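Trainee: Quick one: the structure is below, and I'll ask about it shortly.
The values are calculated or read from the model by the stated rules, or taken from the named source; none is laboratory data. Since we're looking at a predicted model, the values are computed, not measured. Glycine also receives a Cβ, built like all others from the backbone with ideal geometry; neighbour counts cover every protein chain displayed. SASA here: full protein model, heavy atoms, side chains in, ligands and nucleic acids out. Shrake-Rupley method; radii C 1.70, N 1.55, O 1.52, S 1.80 Å.
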Amino acid sequence: MIELTVSPIVERKIQQGICVLEARDLPHLEMENTSVYLVNQQGRFLGQAYLSLQHKGVGWLISKEKVPLDLAFFQHLFALARTKRRSFEASDRTTAYRLFNQDGDGFGGLTIDRYNDYAVFGWYNEYVYSLKEEIVAAFQMVYPEIRGAYEKIRFKGLDYESAHLYGDEAPETFPIREHGVTYQVFLNTGLMTGIFLDQHEVRGALVDGLAAGKRLLNMFSYTAAFSVAAAVGGAAQTTSVDLAKRSQELSAAHFTANNLAMDHHRFHVMDVFAYFKYAKRKGLFYDMIVLDPPSFARNKKQTFSVAKDYHKLIAQALDILSPKGILITSTNAANVSLEKFRKEIEKGFGDCKHRYLETYRLPSDFVFNKKDESSNYLKVFTIQVEK
């Protein structure tokens with residue numbers, strides 16, 4: 001095994017429990033897609049890691065001991081992860097949830113989600129992908145009841161994004177449940193599946209009546225899962241806005257799956273900032289507005305970054321929010337801390353009086369590394385405007 005000497009900065013991070021290795025901490029790194037022993041400048045062993053370029057960092061610390069990355073290693077990790085999610089297994093109201101979540105479960109660069117009797121593996125770098133055979137075999141030992149699996153390629157270098165991995169093939173679309181609500185999902189179309197599982201708790205609040213009797217506007221709606229949850233929870237009407245042309249078709253499938261009449265539920269395929277202007281021009285107002293944009297987006301006219309531009313969404317939303325209305329503000333940007341996100345939100349409110357009702361982070365199936373704040377990437381506030 002190759003030994004890699006790291007700086008005191010990296011040594012301190014390891015001691016703090018941070019597992020991700022960043023490019024700025026390992027300058028002039030020439031190795032890639034390999035397992036290494038990390039040692040400090042005095043030659044003392046710090047831990048075992050692997051190096052592989054990905055969206056988040058250049059590698060991960062695996063263990064503070066020397067371990068073989070074999071079948072037994074992954075079988076042990078999956079068994080521990082399964083124990084943490086027994087409450088989800090015992091519920092028939094929620095049949096889609098995360099089974100394994102990167103460094104929260106002891107191995108960064110890998111996620112596994114369950115959709116009824118099927119699993120979806122997320123490979124985040126070439127090194128983890130190279131261990132696919134051992135990982136899949138270990139998973140099948142721990143989860144023999146899973147009928148089939150798919151994979152999502154979340155790194156550059158391969159000529160496909162999604163593929164059937166093993167076992168039975170799932171139907172092109174099929175229903176899963178969450179808090180008793182039905183959603184139509186698809187497992188082999190690009191990187192998406194039709195629902196973002198990390199928003200369990202926010203949708204649960206909507207199902208439980210957070211939007212009861214209210215007019216809800218869902219911006220960046222994707223397949224309108226928030227809107228469906230709100231409708232089941234008694235929302236008077238919902239409006240879902242997304243720029244993707246297929247969003248209306250996918251959204252309607254969720255409503256149909258729950259036998260919801262479409263009379264009071266509308267879809268608009270358009271840019272959200274254009275819709276803000278449209279709503280103001282038409283004199284439309286909403287009692288609740290959901291703002292859940294991608295971390296970064298670009299179209300022909302502009303770019304959007306949560307870190308720099310989220311306040312613009314707040315300011316625009318306030319113009320069409322009813323008195324005493326509620327904003328649901330959300331981001332999954334790992335590089336934006338909870339405090340920074342709140343500051344960006346406050347910038348949008350200006351002098352408008354408001355109060356924070358609830359804060360949501362990752363749900364319990366998305367086990368995160370408690371020593372690393374960026375591991376708990378989801379940040380959601382429900383905010384009531386006092387006007």
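Trainee: Just to confirm a number: summing +1 for Lys and Arg and -1 for Asp and Glu over residues other than L338 whose beta-carbon lies under 12 angstrom from that of L338, what do you get?
Mentor: The answer is +2.
Trainee: Normalise the Cα radius of gyration of region 245-387 by 2.2 N^0.38 Å (N = residues in it) and let me know the number.
Mentor: Working it through for region 245-387, the quotient is 1.13.
Trainee: About the Cα centre of region 127-276, what is the dipole size in debye to 20, counting +1 per Lys and Arg Cβ and -1 per Asp and Glu Cβ, all else neutral?
Mentor: Using only the charged Cβ atoms, the result is roughly 480 debye.
Trainee: Taking the Cα centre of the chain as the origin and placing charges on Cβ (Lys, Arg +1; Asp, Glu -1), which of N335, F45, H265 is farthest toward the positive end of the dipole?
Mentor: It is H265.
Trainee: Still on this structure, I have one more. What number comes out for accessible area per residue over region 150-195 if the probe is 1.4 Å? Units Å², please.
Mentor: 49 Å²
Trainee: Roughly how many percent of the accessible protein surface of the chain is carbon and sulfur, given a 1.4 Å probe and a whole-percent answer?
Mentor: 50 percent
Trainee: Could you tell me which GluC sites (Glu not before Pro) in region 1-70 are loop residues by DSSP with no more than 10 other beta carbons within 10 angstrom of their beta carbon?
Mentor: In loop regions of region 1-70 (DSSP not H, G, I, E or B), the sparsely surrounded GluC sites (Glu not before Pro) are E30, E65.
Trainee: Picking from Q16, Q302, Q54, which is most flexible by a Gaussian network model of the chain using Cα springs under 10 Å?
Mentor: Sorting by GNM fluctuation, first place goes to Q302.
Trainee: Just to be sure I understand: with springs between alpha-carbon atoms less than 10 Å apart, which residue in Q15, Q75, Q248 has the highest mean-square fluctuation in the Gaussian network model of the chain?
Mentor: Maximum among the listed residues: Q15.
Trainee: With charges only on Cβ, +1 for K and R and -1 for D and E, what is the dipole size of the chain about its Cα centre, in debye, rounded to 20?
Mentor: The dipole magnitude comes to about 1620 debye.
Trainee: For the chain, build the charge dipole from Cβ charges (+1 Lys, Arg; -1 Asp, Glu) around the Cα centre, then report which of Q199, T94, T189 sits farthest towards its positive end.
Mentor: Going by the charge dipole, the pick is Q199.
Trainee: So if we plug the beta-carbon distance of S337 and R246 into 1/(1 + (r/R0)^6) with R0 = 30 Å, what FRET efficiency do we get, rounded to 0.05?
Mentor: For R0 = 30 Å, the calculated efficiency reads 0.35.
Trainee: Subtracting the Cα-Cα distance from 0.36 nm times the residue separation, let me have the gained length for H311 to K347 in nm, one decimal.
Mentor: 12.4 nm
Trainee: Also, I was wondering about something else. Could you list the chymotrypsin sites (Phe, Trp or Tyr not before Pro) in region 149-185 that lie in coil according to DSSP, counting only those with at most 14 other Cβ atoms within 10 Å of their Cβ?
Mentor: Within region 149-185, the qualifying chymotrypsin sites (Phe, Trp or Tyr not before Pro) (loop, at most 14 other Cβ atoms within 10 Å) are Y160.
Trainee: While we're looking at this one, here's another question. Within 10 Å, count the other beta carbons around each residue, average over each peptide in 92-104, 224-236, and list them highest first.
Mentor: Top to bottom by mean Cβ count within 10 Å: 224-236, 92-104.
Trainee: Distance between Cα centroids, region 205-264 to region 1-44: provide it in whole Å.
Mentor: So the separation of the two Cα centres works out to 47 Å.
Trainee: Can you tell me which of A72, A81, A138 moves the most in a GNM of the chain? Springs connect C-alpha atoms under 10 Å apart.
Mentor: Result: A72 has the largest fluctuation of those listed.
Trainee: Shifting gears a bit: Evaluate E = 1/(1 + (r/R0)^6) for R86 and K324, where r is the Cβ-Cβ distance and R0 equals 30 Å; express this FRET efficiency to the nearest 0.05.
Mentor: 0.15
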